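These notes are about the structure you will find just below.
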Amino acid sequence: MTMHGPIRPEEARVNVTYGGKNGDLPDPVHFDSTDGDIRGWVTEAVRAGSIPGIDADPNADFRDFVVDRFEANEARPHRLIQMRPKTPFGGHEARVRAALDWALVEYASTLAKLAQ
C-alpha cells in the first residue's frame, strides 16, 4: 500500500474495485467531481497501470460501474469515492478482501475508542 498525502476537506480518495482487485488513485480528486469525470480518470489510470494493486488493462471500461460517495467518519478522516462493478465488490475474492478491509477499519476504530 502506498502512502498518500493529506486530503483537503473538499477532496476525496478514489478507491477502485476492478477484476477482483482493489486500489486507490494515487491523487485525491474533488469530491463534487462528476461521475463521468471520475469514470474517465479511473479508466485512464487502469489502462496505464497507475493504480497500485490493480493490473494494467488497456481495454478497461468503467461506463457501467457504480460511483459511490461517502463522507469522512471516525475511522476514515477523509471523504471517499468508490468505483465498483454493479455486482457488489466485483466477485468472491474481492468480496472477501473488502470484508477483511472493513473488519480492520472497525477493529482500528474500536482500539481508538478503548485508548481514550
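The values are calculated or read from the model by the stated rules, or taken from the named source; none is laboratory data. Because the structure is predicted, anything quoted here is derived from the model rather than measured. Every residue, glycine among them, receives a Cβ derived from its backbone with ideal geometry; neighbour counts consider all protein chains shown.
A few remarks follow.
- Of the residues contained in segment 29-50, one or more are found to be in contact with an Asp or Glu (Cβ under 8 Å, 6 or more places away or on another chain), under 18 Å from residue 6 (Cα atoms) and crowded, with 17+ Cβ neighbours inside 10 Å.
- Hits in segment 39-87 - residues which are of a type in the set (A, V, I, L, M) and over 29 Å from residue 115 (Cβ atoms): 42, 45, 46, 48, 51, 54, 56, 60, 66, 67, 81, 83
- Scanning segment 1-19 for residues that are modelled with pLDDT of 90 or more and either in contact with a Ser or Thr (Cβ under 8 Å, 6 or more places away or on another chain) or of a type in the set (Ser, Thr, Tyr) (or both) turns up 17, 18.
- Within segment 58-71, being surrounded by 14 or more Cβ atoms within 10 Å (Cβ to Cβ) and in a loop (DSSP other than H, G, I, E, B) holds for 60, 62, 65.
- Filtered residue count, segment 2-44, keeping only those that are β-branched (Val, Ile, Thr) and either farther than 17 Å from residue 70 by Cα or in contact with a Leu (Cβ under 8 Å, 6 or more places away or on another chain) (or both): 5
- Boolean, residue 55 is loosely packed, with under 14 Cβ neighbours inside 10 Å, at pLDDT 95 or above and in contact with a strand residue (DSSP E or B) (Cβ under 9 Å, 6 or more places away or on another chain): yes
- Every residue from segment 72-84 that is surrounded by 18 or more Cβ atoms within 10 Å (Cβ to Cβ) and either of a type in the set (S, T, N, Q) or in a strand (DSSP E or B) (or both): 79, 80, 81, 82, 83, 84
- Near pairs, Cβ below 8 angstrom, 6+ apart or cross-chain, from segment 52-68 (within 11 Å of residue 16 (Cβ to Cβ)) to any residue that is among the polar types (S, T, N, Q) and surrounded by fewer than 14 Cβ atoms within 10 Å (Cβ to Cβ): 52/2
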